[in-house]
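For reference, the structure is listed below as structure tokens.
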Amino acid sequence: MVERKSRASWLPHATLLLGVLVFAFPIYTALIGSTHDAATIGRGDLPLYPGAHAAENYSQAWSQGTGQRVKASPVAKMMANSFVMAIVIAVGKIAVSLISAYAVVFFRFPLRMVFFWMIFITLMLPVEVRIIPTFKVVSDLRLINTFGGLTIPLIASATLLFRQFFMTIPDELVEAAKIDGAGPLRFFRHILLPLARTNIAALFVILFLYGWNQYLWPLLITTSSGMDTIVIGITKMIGTGDAQTDWNLIMSTAVLAMLPPVAVILLMQRWFVKGLVETEK
């Protein structure tokens, strides 16, 4: 009996450890590859220990983005583009979701449920499905190769997270706010927003990663290397993917591209988990 319990306790941990190793090994390979020169990687002689070219590779990728065979924008510029895109998409989607959920839940107006279902339909139509008409609209508005073109079409949808949370707000709280003289804006700012902060944090993490990892839409909407995001930049750096590619710069860029999402997750981990698992929400 004791042996069976012991096996039942270590087996899940061993499975999880194996899964971590499988997913972490490619990241470790990229990290190690970013410290060696292109010739070592091109020969297939990449060791499992760091090399002596880390500072050179990261400095070259960050400030230049070009090598002997790779020609790209500086990683600093591409990461700045991705950061602006991710932040604007995350903040914009949260703002649209908060305002639309507040209107649908707490106000009674004609066609209220029609507007709710219109918002709900946007969840079932991702940008990949409506990409041709969206591109036509963006082109007509002359937003090609602009941050507006990169972000506005991806903002134009809402989530149901805040609607579901607002529906759990007791009527007594709403009546108490009215008795205290709180108007709609004051009730929204001073009562609902503080209560929804964990939901906002959780959604911000998800939407930041969503914006940071966008590939198809930036690929279509940008026409100059100065507007390349980091994901597009890595794809252009790889090119044909043959052995003559400057893999040391590509791996350095890939490692740098992982830092902002990891930082966001680590900094907001407590709020993220709390916003997803709190039972009263």
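The values are calculated or read from the model by the stated rules, or taken from the named source; none is laboratory data. Everything numeric in this text was worked out from a predicted model, so none of it was measured. Cβ placement follows ideal geometry from the backbone for every residue including glycine, while neighbour counts extend to all protein chains displayed.
Summary table below
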quantity: When residues of the range 178-187 are limited to those that are of a type in the set (A, V, I, L, M, F, W, C) and surrounded by fewer than 17 Cβ atoms within 10 Å (Cβ to Cβ), the one farthest from LEU160 (Cα to Cα); calculated: ILE179
quantity: Residue in the range 85-101 that is farther than 28 Å from THR229 by Cβ, out of contact with any Asp or Glu (no Cβ under 6 Å at 6 or more places or on another chain) and either touching a residue at least 40 places away in the same chain (Cβ under 8 Å) or among the aromatic types (Phe, Trp, Tyr) (or both) present; calculated: yes
quantity: Residues (touching a helix residue (DSSP H, G or I) at 6+ places or on another chain (Cβ under 8 Å) and within 13 Å of LEU98 (Cα to Cα)) located in the range 171-186; calculated: none
quantity: The range 173-210, subset of a type in the set (Lys, Arg) and more than 30 Å from LEU266 (Cα to Cα), residue modelled with the highest pLDDT; calculated: ARG186
quantity: Residue within the range 133-155 that is at pLDDT below 85 and surrounded by 14 or more Cβ atoms within 10 Å (Cβ to Cβ) present; calculated: no
quantity: Unmet requirement for THR229, which otherwise passes all of (1) of a type in the set (Ser, Thr, Tyr); (2) surrounded by 16 or more Cβ atoms within 10 Å (Cβ to Cβ); (3) closer than 30 Å to VAL75 by Cβ; (4) modelled with pLDDT under 90; calculated: (4)
quantity: Residues of the range 177-233 classified as among the aliphatic types (A, V, I, L, M) and either under 17 Å from SER82 (Cβ atoms) or assigned to a loop (DSSP other than H, G, I, E, B) (or both), total; calculated: 14
quantity: Tabulated pairs, the range 22-34, first closer than 14 Å to THR253 by Cα, second hydroxyl-bearing (Ser, Thr, Tyr) and in a helix (DSSP H, G or I), C-beta under 8 angstrom, 6+ apart or interchain; calculated: SER34/TYR58; SER34/SER252
quantity: Some residue of the range 53-69 being more than 27 Å from the chain's Cα centre (by Cα), charged (D, E, K, R), assigned to a helix (DSSP H, G or I) and farther than 25 Å from TRP212 by Cβ; calculated: yes
quantity: Sole residue being assigned to a helix (DSSP H, G or I) and under 19 Å from ILE221 (Cα atoms), chosen from MET85, MET113, MET118; calculated: MET85
quantity: Counted residues, the range 143-183 - those being over 26 Å from the mean Cα position of the chain (by Cα) and under 27 Å from ILE121 (Cα atoms); calculated: 3
